[in-house]
1. Is it the case that THR107 is among the polar types (S, T, N, Q) and either within 14 Å of ligand 2 (Cβ to nearest atom) or closer than 28 Å to SER214 by Cβ (or both)?
2. Would you mind listing the strands (runs of 3 or more DSSP E) fully within segment 133-221 where at least 1 residues are open to solvent by less than 20 Å² (accessible area, probe 1.4 Å), of a type in the set (D, E, K, R) and at pLDDT 95 or above?
3. Would you be able to say whether some residue in segment 103-114 is modelled with pLDDT of 95 or more, within 15 Å of ligand 1 (Cβ to nearest atom), more than 25 Å from ALA58 (Cα to Cα) and open to solvent by 10 Å² or more (accessible area, probe 1.4 Å)?
4. So in segment 32-73, with the set limited to residues that are open to solvent by 30 Å² or more (accessible area, probe 1.4 Å) and among the polar types (S, T, N, Q), which one is farthest from ligand 1 (Cβ to nearest atom)?
5. Criterion first (within 16 Å of ligand 1 (Cβ to nearest atom) and surrounded by fewer than 22 Cβ atoms within 10 Å (Cβ to Cβ)) does ALA84 satisfy it?
Amino acid sequence: MSANSKIRVAPSILSADFSKLGEEIKAIDAAGADYIHVDVMDGHFVPNITIGPNVVAAIRPYTKKVMDVHLMIAPADPFLEAFAKAGADIITIHPQAGPHLHRSLQTIKALGKKAGVALNPATPVDEIDHIMDLVDLVLVMTVNPGFGGQAYIPLEGKIADIRKRITATGRQIDLEVDGGITPDTAKKVIAAGADVLVAGTAVFKNGPEKYAESIKAIRGA
Ligand code: DX5
Ligand code: ZN
């Protein structure tokens, strides 16, 4: 077992060609993507609008990989069931998306899905103190959410802190990092304890012929 064998790469389809999303999903699946990361934005919680549950349902038949749905929407509660029905495997919400984070995570679990919580760069780690028993994934944002292609914000200390907390639970909880991930920044976040790396620009920018190579470079294989 190589040191990086448990590192998973989650290409963000935000950087894919939206005019042919089905083909793009098939291509990143074949190129070795572990999760398919879907960035959902509402133009309210974040200053951009992307896709909704209908699009998740439309792309679902194109892959059997884990559909990792990152909700950057507020409120999130009214839409959890729709994303679950659309075929999400993991549904991740931000604590700021509603008044009752614990209840929202319970709802996701009750829908039979894995639950994630996402922390913006300025969100303190203490936000997750009392919900660790409910989460399957903690997402550390290393850019301010809203757009692909932004520069990585160095938050390795925060990642390492969360790794310690995950280890203390004794449970399997993904530690996902999202924003500005390149082969270089991937090394830093992996060293800090991350095991799932979201990458939009770094996977898609060189075109489909390079998807496999780009994913491999991020995984550090
Ligand atoms: C940002 C999204 C990210 C983004 C990552 O709001 O959550 O998933 O698409 O894009 P890159 O890898 O280009 O920083
Ligand atoms: Zn994301």
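1. Details: among the polar types (S, T, N, Q): yes; either within 14 Å of ligand 2 (Cβ to nearest atom) or closer than 28 Å to SER214 by Cβ (or both): no.
For THR107, the condition - among the polar types (S, T, N, Q) and either within 14 Å of ligand 2 (Cβ to nearest atom) or closer than 28 Å to SER214 by Cβ (or both) - is not met.
2. Where strands (runs of 3 or more DSSP E) fall fully within segment 133-221 and carry at least 1 residues being open to solvent by less than 20 Å² (accessible area, probe 1.4 Å), of a type in the set (D, E, K, R) and at pLDDT 95 or above, they are 174-178.
3. Pass one, segment 103-114, residues modelled with pLDDT of 95 or more: 103-114.
From the residues that got through so far, the ones that are within 15 Å of ligand 1 (Cβ to nearest atom) too are none.
No, there is no match, as no residue in segment 103-114 is modelled with pLDDT of 95 or more, within 15 Å of ligand 1 (Cβ to nearest atom), more than 25 Å from ALA58 (Cα to Cα) and open to solvent by 10 Å² or more (accessible area, probe 1.4 Å).
4. Step one: list which residues in segment 32-73 are open to solvent by 30 Å² or more (accessible area, probe 1.4 Å), which gives 34, 42-45, 47-50, 53-55, 57-58, 60-62, 64-66.
Still in the list and also among the polar types (S, T, N, Q): 48, 50, 54.
Details: ASN48: 8, THR50: 9, ASN54: 20 Å.
Checked segment 32-73; the qualifying residue farthest from ligand 1 (Cβ to nearest atom) is ASN54.
5. Values: within 16 Å of ligand 1 (Cβ to nearest atom): no; surrounded by fewer than 22 Cβ atoms within 10 Å (Cβ to Cβ): yes.
Here the answer is no, as ALA84 does not meet what is asked.
The values are calculated or read from the model by the stated rules, or taken from the named source; none is laboratory data. All values derive from a computational prediction rather than experimental measurement. Glycine gets a Cβ as well: all are built from the backbone with ideal geometry, and neighbour counts include every protein chain shown. Side chains included, ligands, DNA and RNA excluded: accessible areas come from the protein's heavy atoms. Shrake-Rupley method; radii C 1.70, N 1.55, O 1.52, S 1.80 Å.
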